[in-house]
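The values are calculated or read from the model by the stated rules, or taken from the named source; none is laboratory data. What you see is a predicted model, and the numbers here were worked out from it, not measured in a lab. All Cβ positions, even for glycine, are placed from backbone atoms using ideal geometry, and neighbour counts span all protein chains on display.
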Amino acid sequence: MSSNELIVGAAALGLANHAYFRRFEPGNAHHPVITVVLQSFLLVGALHYLDPERPLTLFSALRDYITAFFVLVSTLTASIFTYRLAPWHPLAHVPGPLGAKLSKVYMLRHAVTGQRSKVLKALHDQYGEVVRIGPNEVSIASAEAITSVLGAGGYPKGPFYKYWGDPTFPAGNLLTLTGEPHTHRRRIWNRGMTASSLKDFEAILSLRMTLMLERFDGFAAEQKPVDLAEWCNYLTVDFMGDVAFGGGFELMRDGEDRDGMFRIVKMGIKAMSIQAQMPWISPTLKLLPGFKEVPERLHEFSNSRAEARVKAGAKTHKDMWYHLMDEEGKETRRPTLAEVIIDGGLAIVAGSDTSAMTLASFLWRMLMHPEIHARVRAEVDKVYPDGEGILSSDKHNELVFLSACLSETLRMHPPVPSGGSRRVPSGQAKVVSGTLIPDNTDVFVPTYAIQLSPKNFYPAPESFDPDRWLRAHSSSDGEVDGEVLNQAAFVPFSFGPANCAAKNLAWREVTMACAALVRRYDMSFVKNGGGERWADEVKDFYVNQCDDMMVDIRLRDEFKV
């Protein structure tokens, strides 16, 4: 075998590998790499076996190996890129940037910087409702896609969700499960979110809000600046810890995250959101030293909370553990302890982050729009003239303008702005938003892009206008001349069977906190603290994450002693 034959053989192997990988999608990164390395080695061995007179030295063998490896990888790469740009590719008819068609690296770099949702919106502004954002991925920013893709007759969760669980733990959580296992687990969650359950949780929330107000009174007396975003997170973590595990989280009491656990949680969420862009790389990363350290610490933490809850026994109220563990015995198969622990951890992470971001975003909007803040305060003062009952949801239906402000906040700042993928099963291709979405395509339905589209909210979809909700509600048919408010396009809690299980609890929690804080305090950004730019610096790591929001807090005159 001559050198030319070596090159031809390596090129043929490159083409053969592409054909194989197209038919059998790799489940990890290390197997294809090992395969290519071994094939190059075997090809060089065949060269010298078939041509025994060919000089065999360390240098010549290394030279031949490098040649074979380079040609194989180059041919494989060229074949992949050619196919992805070819007119016969299943997604050739879908517009999108060249880089996205060629490689997942295009969106990966935006995921790393936390700009994914903003980039998706920009792409939809440029290319339309359906955009190709990866070699085998599309993003559809339309109200139709919400029902067609996410609804009951839509598509199952895609590989994006596969590694959002705990790699050290055998059980899947509500976020990662699909099909019947998800239906079974969701039924248990729903039982924990009934009206009576929410009333139980409200009593817990009232105690946590009382503690927050006490701490804020202290900050006001000391004239000490407060990181409002951080304290929103402290509130929601403490509350969800009470709900999920019956307590044990005291961030507000301590005024800090003493164990550093929730800093690790945020790091873990960021890492998983990046890995989810290339799900096949996660099994390879698991092999690296230290990769399991974060999930192992999180598991140990959740397990310690679970052990404390089991040791504490029955509570005077029914917390989420009571329902997740099916202590009423309503299920034919009682959940395992592992399933309850991992879902309890999910409740804390998902429930606290999303609610904290919504609360912080609402308060930021109030600080940025004093005239709107004044109207909210006037309404809250009217509903709670002496402050009595403000830590109850009994009068929440009277907070009409505050509710409109919350809806507008969730429209402009959805806590999960770009969402996860759904995969089109074989034989279920269909037309969505006028575009054929073929089999085995991963589909994203980006909430942020949909809710800021002029097709769904007009005029001024990028302006904070709570009155748009009041104008729509005052109209008999929900329509106002010249305006668009598409309720079907408002999905901050997602949509369909896999929507947010705790959305009613989250709404009650945030409404109570907003009303109490607006009623009691005057707030302003710390001078030169950059608070005015806070929302611009929010990062999308599946769930939004934010930087500090430093504010000065003062008690309103009527609350001063």
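Does L76 satisfy the criteria of being closer than 30 Å to V8 by Cα, outside the structural domain of P417 (by TED's automatic domain parsing), surrounded by fewer than 19 Cβ atoms within 10 Å (Cβ to Cβ) and not basic (K, R)?
Taking the combined requirement at face value, the residue does not satisfy it.
May I ask you to say which residue of T176, T236 is among the β-branched types (V, I, T), under 15 Å from R508 (Cα atoms) and crowded, with 18+ Cβ neighbours inside 10 Å?
Unique residue meeting the criteria: T236.
Working only within segment 318-355, note down all residues that are part of a loop (DSSP other than H, G, I, E, B) and under 30 Å from L228 (Cα atoms).
D319, the sole residue that qualifies.
Could you list, in sequence order, all residues of segment 52-76 that are touching a Leu at 6+ places or on another chain (Cβ under 9 Å) and touching a residue at least 60 places away in the same chain (Cβ under 8 Å)?
Passing the criteria: D64, T67, A68, V71, L72, T75, L76.
For segment 314-342, what are the residues that are loosely packed, with under 12 Cβ neighbours inside 10 Å, among the β-branched types (V, I, T) and more than 16 Å from V243 (Cβ to Cβ)?
T332, the sole residue that qualifies.
Answer yes if at least one residue in segment 117-129 is of a type in the set (A, V, I, L, M, F, W, C), in contact with a Gly (Cβ under 8 Å, 6 or more places away or on another chain) and not in a strand (DSSP E or B), and no otherwise.
So far as segment 117-129 goes, yes, one or more of its residues are of a type in the set (A, V, I, L, M, F, W, C), in contact with a Gly (Cβ under 8 Å, 6 or more places away or on another chain) and not in a strand (DSSP E or B).
Could you tell me which numbered condition A360 fails, if it satisfies all but one of (1) assigned to a helix (DSSP H, G or I); (2) surrounded by fewer than 24 Cβ atoms within 10 Å (Cβ to Cβ)?
Unmet condition: (2).
State yes or no: is A404 over 17 Å from S463 (Cα atoms), part of a helix (DSSP H, G or I) and touching a residue at least 24 places away in the same chain (Cβ under 8 Å)?
Taking the combined requirement at face value, the residue does not satisfy it.
Residue by residue through segment 224-250, note down the ones that are in a helix (DSSP H, G or I) and more than 20 Å from L391 (Cα to Cα).
A229, E230, A244, F245
If you go through segment 502-547 one residue at a time, how many are of a type in the set (D, E), modelled with pLDDT of 95 or more and not in a helix (DSSP H, G or I)?
2
From the residues in segment 432-480 that are charged (D, E, K, R), touching a Leu at 6+ places or on another chain (Cβ under 9 Å) and modelled with pLDDT of 95 or more, which one is farthest from H413 (Cα to Cα)?
R468
Would you please name the residue that is surrounded by the most Cβ atoms within 10 Å (Cβ to Cβ), looking only at residues in segment 123-158 that are more than 19 Å from the chain's Cα centre (by Cα) and aliphatic (A, V, I, L, M)?
V131
Only residues that are surrounded by fewer than 18 Cβ atoms within 10 Å (Cβ to Cβ) and in a loop (DSSP other than H, G, I, E, B): list them for segment 376-401, please.
P385, D386, G387, E388, G389, S392, D394, K395
Name the residue, out of K270, K311, K292, K266, that is modelled with pLDDT under 80 and surrounded by 14 or more Cβ atoms within 10 Å (Cβ to Cβ).
Only one candidate qualifies: K292.
Identify, by number, the condition in (1) farther than 23 Å from W280 by Cβ; (2) in contact with a helix residue (DSSP H, G or I) (Cβ under 8 Å, 6 or more places away or on another chain); (3) surrounded by fewer than 18 Cβ atoms within 10 Å (Cβ to Cβ) that P26 doesn't meet.
P26 satisfies every listed condition except (1).
Looking at segment 84-116, which of its residues are hydroxyl-bearing (S, T, Y) and either in contact with a Gly (Cβ under 9 Å, 6 or more places away or on another chain) or in the same structural domain as V443 (by TED's automatic domain parsing) (or both)?
Answer for segment 84-116, where residues must be hydroxyl-bearing (S, T, Y) and either in contact with a Gly (Cβ under 9 Å, 6 or more places away or on another chain) or in the same structural domain as V443 (by TED's automatic domain parsing) (or both): S103, Y106.
Tell me which residues, restricted to segment 363-374, are in a helix (DSSP H, G or I), over 12 Å from C514 (Cα atoms) and not aliphatic (A, V, I, L, M).
Listed by number, the residues that qualify are P370, E371.
Residues in segment 416-431: is at least one in a helix (DSSP H, G or I) and either at pLDDT 95 or above or within 28 Å of V149 (Cβ to Cβ) (or both)?
no
Taking segment 259-281 only, how many residues are in contact with an Asp or Glu (Cβ under 9 Å, 6 or more places away or on another chain) and without any contact (Cβ under 8 Å) to a residue 12 or more places away in the chain?
Number of matching residues: 1.
Inspect segment 440-462 for any residue being without any contact (Cβ under 8 Å) to a residue 40 or more places away in the chain, under 23 Å from P156 (Cβ atoms) and not in a strand (DSSP E or B) and give the result as yes or no.
No; the residues of segment 440-462 include none that is without any contact (Cβ under 8 Å) to a residue 40 or more places away in the chain, under 23 Å from P156 (Cβ atoms) and not in a strand (DSSP E or B).
Within the set of pairs 6+ apart or on separate chains, which have a first residue in segment 136-165 that is farther than 15 Å from I281 by Cβ and among the basic types (K, R), a second that is at pLDDT below 95 and assigned to a loop (DSSP other than H, G, I, E, B), and C-beta atoms under 7 Å apart?
Pairs found: K157/T178; K157/G420.
Can we say I133 is among the β-branched types (V, I, T), within 30 Å of Q487 (Cα to Cα) and part of a helix (DSSP H, G or I)?
no
Pairs under 8 Å by beta carbon, first residue closer than 13 Å to A220 by Cα in segment 518-529, partner surrounded by 19 or more Cβ atoms within 10 Å (Cβ to Cβ) and aromatic (F, W, Y), six or more apart or different chains?
Final answer for the pair search is R520/F216; Y521/F216.
Can you say whether M193 is closer than 30 Å to G313 by Cβ, part of a loop (DSSP other than H, G, I, E, B) and assigned by TED's automatic domain parsing to the domain that holds I341, as far as the supplied structure shows?
Yes, satisfied.
Give me the pairs, please: first residue somewhere in segment 92-111 and of a type outside the set (K, R), second residue anywhere and modelled with pLDDT under 95 and outside any loop (DSSP other than H, G, I, E, B), beta-carbon distance under 6 Å, and either six or more positions apart or on two chains.
Hits for this filter: A111/I274.
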